[in-house]
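The values are calculated or read from the model by the stated rules, or taken from the named source; none is laboratory data. In this text, all values refer to a predicted model and were calculated from it rather than measured experimentally. Using ideal geometry, Cβ is built from the backbone for each residue, glycine included, and neighbour counts are taken over all protein chains shown. Side chains are part of the model used for accessible areas, which takes the heavy atoms of the whole protein and leaves out ligands, DNA and RNA. Shrake-Rupley method; radii C 1.70, N 1.55, O 1.52, S 1.80 Å.
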Amino acid sequence: MNQNFQNPQIFDLEIPDFNDLKLTAVSPKYLRIILLNLALFSIFLIGAVGVAFYFFYLNLTKLQILTIVIGIFLMIFFLFLNAIIGFKFRKYAVREKDLVYQYGWLKRSIIIVPFNRIQHVKVEQGWFSRILNLKSIAVFTAGVNGGDVTINGLPEEIAEGINNHIRGTISQEKTEDGGEA
């Protein structure tokens, strides 16, 4: 049994540089959806704490109440700050053979999903996204850890264009491989 297995080393100069990749930011309208969701969560949280204080206020000192209130408002402030700063880093790119998505400002993550690994694509639109003419596209792979990608806040025509491009590329690759499209 003669195996001709080769696995040459790739030197640093031959690895593609992702810093040169031109990423496109998601729609600025999507920040409104994020802030609306955070506002609703904040109202719920403040309401829940208010109800808890109403029923249990006799068991807490004024210092404990003040500490809890300040802690909640600091948490809400950090959530809004995180959403606003982190929004600048939500970017994507569609290349010939893959989809690239970047997110995060404290911990920057870049996910690259090759089209030949995608099992299916889903385009979604929530009620507030419909008002703002935005859609989300989700691609699902066979991978277990971090292979799936959802890009929220895309203009409708771009989301549909990405969906059609991915489906067309997958169909073309299956046809070239001899499978059914």
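Select from the range 114-146 the residues that are in contact (Cβ under 8 Å) with a residue 12 or more places away in the chain and among the β-branched types (V, I, T) and list them in ascending order.
Of everything in the range 114-146, those that are in contact (Cβ under 8 Å) with a residue 12 or more places away in the chain and among the β-branched types (V, I, T) turn out to be I118, V121, V123, I137, V139, T141.
Inside the range 71-129, can you point out the residues that are among the hydroxyl-bearing types (S, T, Y) and more than 22 Å from I43 (Cα to Cα)?
Across the range 71-129, the qualifying residues are Y92, Y101, Y103, S109.
Restricting attention to the range 121-137, which residues are closer than 20 Å to D148 by Cβ and in a loop (DSSP other than H, G, I, E, B)?
Q125, G126 - these are the residues of the range 121-137 that are closer than 20 Å to D148 by Cβ and in a loop (DSSP other than H, G, I, E, B).
Would you confirm whether or not the range 158-175 contains a residue that is closer than 24 Å to F41 by Cβ and open to solvent by 40 Å² or more (accessible area, probe 1.4 Å)?
Scanning the range 158-175 turns up no residue that is closer than 24 Å to F41 by Cβ and open to solvent by 40 Å² or more (accessible area, probe 1.4 Å).
Quick test for you: out of L132, L99, pick the one residue that is over 17 Å from the mean Cα position of the chain (by Cα) and either open to solvent by less than 80 Å² (accessible area, probe 1.4 Å) or of a type outside the set (S, T, N, Q) (or both).
Testing whether each residue is over 17 Å from the mean Cα position of the chain (by Cα) and either open to solvent by less than 80 Å² (accessible area, probe 1.4 Å) or of a type outside the set (S, T, N, Q) (or both) leaves just L132.
Quick one: which residue in V69, V94, V100 is touching a His at 6+ places or on another chain (Cβ under 7 Å) and either modelled with pLDDT of 90 or more or not aliphatic (A, V, I, L, M) (or both)?
On inspection, the qualifying residue turns out to be V94.
For the range 131-181, which positions are modelled with pLDDT of 80 or more and acidic (D, E)?
D148, E156, E157, E160
Can you name the residue in the range 50-79 that is surrounded by 14 or more Cβ atoms within 10 Å (Cβ to Cβ) and within 30 Å of the chain's Cα centre (by Cα) and is also farthest from G126 (Cα to Cα) among such residues?
The selected residue is I72.
Please enumerate the residues belonging to the range 61-87 that are over 14 Å from I34 (Cα atoms), β-branched (V, I, T) and without any contact (Cβ under 8 Å) to a residue 24 or more places away in the chain.
T61, I65, T67, I68, V69, I70
In the list R117, R108, which residue meets the criterion of being among the basic types (K, R), over 13 Å from the mean Cα position of the chain (by Cα) and either over 23 Å from L36 (Cα atoms) or modelled with pLDDT of 95 or more (or both)?
Of R117, R108, the one residue that is among the basic types (K, R), over 13 Å from the mean Cα position of the chain (by Cα) and either over 23 Å from L36 (Cα atoms) or modelled with pLDDT of 95 or more (or both) is R117.
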